Amino acid sequence: MKRCKADFVRMCLFLLATVPAYCQRGMIGVDAGQASDKFGGLSQVNGALINLNGEFTLIQPNKKEGGPSIDIGGEMRLPIDTTNHAKEFAVFGGPAWKAHNLSIGVNAQVRKIILPTANVDNQIIDRATMELFELPVVIKYTFGAAPNRAFVQVQGAPEFSPRWHQPSGSILPNPHLDHGYFVRGSVGYIFGKWYARATYETRYFSFTQDLGNPSGLYNWRSNQITGGVGFAF
């Protein structure tokens, strides 16, 4: 619990640091829901999680010349049960091209995933921490008259080979990614200065069966469904 409180404080400080006074528009909120994780041949485990997140338009396009806006943001995913579910930290930024109510963008995203330990035949195996570089395509459509507007957002990308940080004392080689992907969809509604949102995400990693992936313990399928509220400005 103390770790979660410390992580919450860090996320609040991060969000304050990423919202300079010249940001044009943004959303900052808290989502809560359930994560479902399955590693290798182990049983699927369900658990609650909290997602602290923010997204902001740093630069608006010139109305005469056009061009993309520049969006930035970040998130922190904190599972209640860290022994079976991963903690995640991410920051992102990238251009978004807008035409009327439709926005299409690409985010350069850096994500750190602290994987949980594995218990196999009463033996504890510490998994390495993953650092990912992701390039999701983000499509968002809004409709309705301001200040009350509904929105639908979809994003997804293939996963690239992670950078690994092995636990102290580990003698195992790094796992080798075979393939992976994630897809996320959200629907929400903005009530003036506030918003409500529901999100579903599915993610899959498949690693080569070798010494770096014993018993397939790095192969990971994750599903998350959350709902949340936040402040829109």
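How high is the relative contact order of segment 2-232, given as a whole-number percent (alpha carbon pairs under 8 Å, six or more residues apart)?
Values: 593 pairs, mean separation 40.6, N = 231.
Result for segment 2-232 is 18 percent.
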Just to confirm my numbers, what's the Cα centroid distance between segment 25-74 and segment 152-202 in Å? 9 Å
At R0 = 30 Å the Cβ-Cβ FRET efficiency linking GLU65 and ARG25, nearest 0.05, sits at 0.95
Sum of -39500 (n - 2.57) over DSSP H runs of 4+, divided by residues of the chain (222 nm, nearest 500): -2500 deg cm²/dmol
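Return the loop-located trypsin sites (Lys or Arg not before Pro) in segment 111-219 (DSSP other than H, G, I, E, B) with at most 10 other Cβ atoms within 10 Å of their own Cβ; answer none if there are none. Present the calculation step by step, with values, prior to reporting the outcome.
On the way: sites: ARG111, LYS112, ARG127, LYS140, ARG149, ARG163, ARG184, LYS193, ARG197, ARG203; in loops: ARG127, LYS193.
Listed in order of number, the matching sites are LYS193.
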Taking LYS140 as the anchor, which aspartates and glutamates have their alpha carbon closer than 14 Å to its alpha carbon, excluding any fewer than eight residues away along the same chain? GLU55, ASP71
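Segment 50-126: which GluC sites (Glu not before Pro) are DSSP loop and have at most 10 other beta-carbon atoms within 10 angstrom?
Working: sites: GLU55, GLU65, GLU75, GLU88; in loops: GLU65.
Passing both the DSSP loop test and the Cβ count: GLU65.
Net charge within 14 Å of GLY93 by Cβ-Cβ distance, Lys/Arg positive one each and Asp/Glu negative one each, not counting GLY93 itself?
Details: positive: ARG111; negative: GLU55, ASP71, GLU75, GLU134.
Here the charged neighbours net out to -3.
Suppose the chain between VAL229 and ALA145 were pulled fully straight at 0.36 nm per residue; how much longer would it get relative to their current alpha carbon spacing? Could the numbers behind the result be given before it?
Values: separation 84, 0.36 × 84 = 30.24 nm, distance 2.00 nm.
Full-extension gain reported as 28.2 nm.
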Top of GLY41, GLY212, GLY180 by mean-square fluctuation, Gaussian network on the chain, Cα under 10 Å: GLY41
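Taking 0.36 nm per intervening residue step and subtracting the Cα-Cα distance, what contour gain separates ARG221 from GLN44 on full extension? Mind showing how you got there, number by number?
Numbers: separation 177, 0.36 × 177 = 63.72 nm, distance 0.91 nm.
That works out to 62.8 nm of additional length.
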Gaussian network model of the chain, Cα within-10 Å springs - most flexible of GLY73, GLY144, GLY26: GLY144
With a 25 Å threshold on alpha-carbon distance, the violating pairs from LYS112/LYS193; LYS64/LYS193; LYS38/LYS112 are LYS112/LYS193; LYS64/LYS193
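Bear in mind that the values in this text are calculations on the coordinates, not laboratory data. None of these values were measured; they are calculated from a predicted model. Neighbour counts run over all protein chains shown; Cβ positions are idealised from the backbone, glycine included.
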